[in-house]
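Accompanying notes for the structure given below.
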Amino acid sequence: MLLQAAPIYRKYWWKQHDAQNRLWVAQLRPLLATHGLQVRRSLETVYETDWPTQLVRVETVAYANWSGAYTSLHPTQPTISTTDTSNLGTAALEVIFHECSHGMVDKLQDAIKHVISTFPAEKQKAISGSLWHAVLFYTAGELIAEDDPGYEPYADHAGLWERAWPDPIRELIIQDWKPHMDGLVTLDGAVAKLLNDLASPH
């Protein structure tokens, strides 16, 4: 099916999409040069995990999926839409590091699973199974905002908290996870505090 469609795509869309992809990469390069190393080191510290050892290949495409980006693992390989307006400007830097973070959160996910397993069954059901992803969104966005004052993280700008993780999740992530990002609490300690606060009546 792809081979049959390829000649039509090349004739009508490829030049435009290729030009957009190259422009996106060109605009991202100076952002990476300025902020990339610091954000990478911060992610390694926060997730207590080394950056992927292999070269991270980022696929730039006109359309990724409904969310504008996704990541394949083993090896870590993000695919990012360069036409999605949510991925333009400084947001391109956030989406790059957000997607790369998917390959670095095993310890976070394991810590969440461990703490949840100690809860009674009824409380286990009350905890969001995608809490790790909420933490990932907050972490990547906050690191970019810290390094580039005035930047509004994607989850805030797009109203993602209200749609996917309503109160009090964001507030508790700031309260309980941010101290870990600041080097004041261990990852395990932050996760335990966050989950226990989520499981408590509000």
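The values are calculated or read from the model by the stated rules, or taken from the named source; none is laboratory data. What you are looking at is a predicted structure, and each value in this text was computed from that prediction instead of being measured. Here the Cβ is made from the backbone with ideal geometry for all residues, glycine too, and neighbour counts use every protein chain on show.
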It is to be established whether one or more residues within the range 69-83 are surrounded by 11 or more Cβ atoms within 10 Å (Cβ to Cβ) and part of a helix (DSSP H, G or I).
no
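Against the definition (closer than 30 Å to D182 by Cβ and either in the same structural domain as L143 (by TED's automatic domain parsing) or not in a loop (DSSP other than H, G, I, E, B) (or both)), how does H17 come out, yes or no? Step through it out loud before you land on a result.
Working: closer than 30 Å to D182 by Cβ: no; either in the same structural domain as L143 (by TED's automatic domain parsing) or not in a loop (DSSP other than H, G, I, E, B) (or both): yes.
Considered against the rule, which asks whether it is closer than 30 Å to D182 by Cβ and either in the same structural domain as L143 (by TED's automatic domain parsing) or not in a loop (DSSP other than H, G, I, E, B) (or both), H17 comes out as no.
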Breaking point among (1) more than 28 Å from G183 (Cα to Cα); (2) free of Cβ contacts under 8 Å to residues at least 60 places away in the same chain; (3) surrounded by fewer than 16 Cβ atoms within 10 Å (Cβ to Cβ), for T118:
(1)
Residue check, T82 hydroxyl-bearing (S, T, Y), more than 26 Å from K178 (Cβ to Cβ) and touching a Leu at 6+ places or on another chain (Cβ under 9 Å)
yes
For the range 95-166, which fully contained helices (runs of 4 or more DSSP H) count at least 3 residues that are among the acidic types (D, E)?
131-147
Here are L43, L28, L23: which of them is in a helix (DSSP H, G or I), at pLDDT 95 or above and not assigned by TED's automatic domain parsing to the domain that holds F97?
L43
Lone unmet requirement of (1) crowded, with 17+ Cβ neighbours inside 10 Å; (2) assigned to a helix (DSSP H, G or I); (3) not assigned by TED's automatic domain parsing to the domain that holds A26 for V185:
(2)
Name the pairs whose Cβ atoms lie under 8 Å apart, with the first residue in the range 138-153 and within 20 Å of A164 (Cβ to Cβ) and in contact (Cβ under 8 Å) with a residue 24 or more places away in the chain, the second among the charged types (D, E, K, R) and crowded, with 23+ Cβ neighbours inside 10 Å, and 6 or more positions between them or separate chains?
A140/E94; G141/E94; I144/E94; P153/E94
In the range 80-112, what count of residues is obtained for those that are among the β-branched types (V, I, T) and out of contact with any helix residue (DSSP H, G or I) (no Cβ under 8 Å at 6 or more places or on another chain)?
1
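Would a scan of the range 47-56 turn up a residue that is in contact with a Leu (Cβ under 7 Å, 6 or more places away or on another chain) and in a helix (DSSP H, G or I)?
yes
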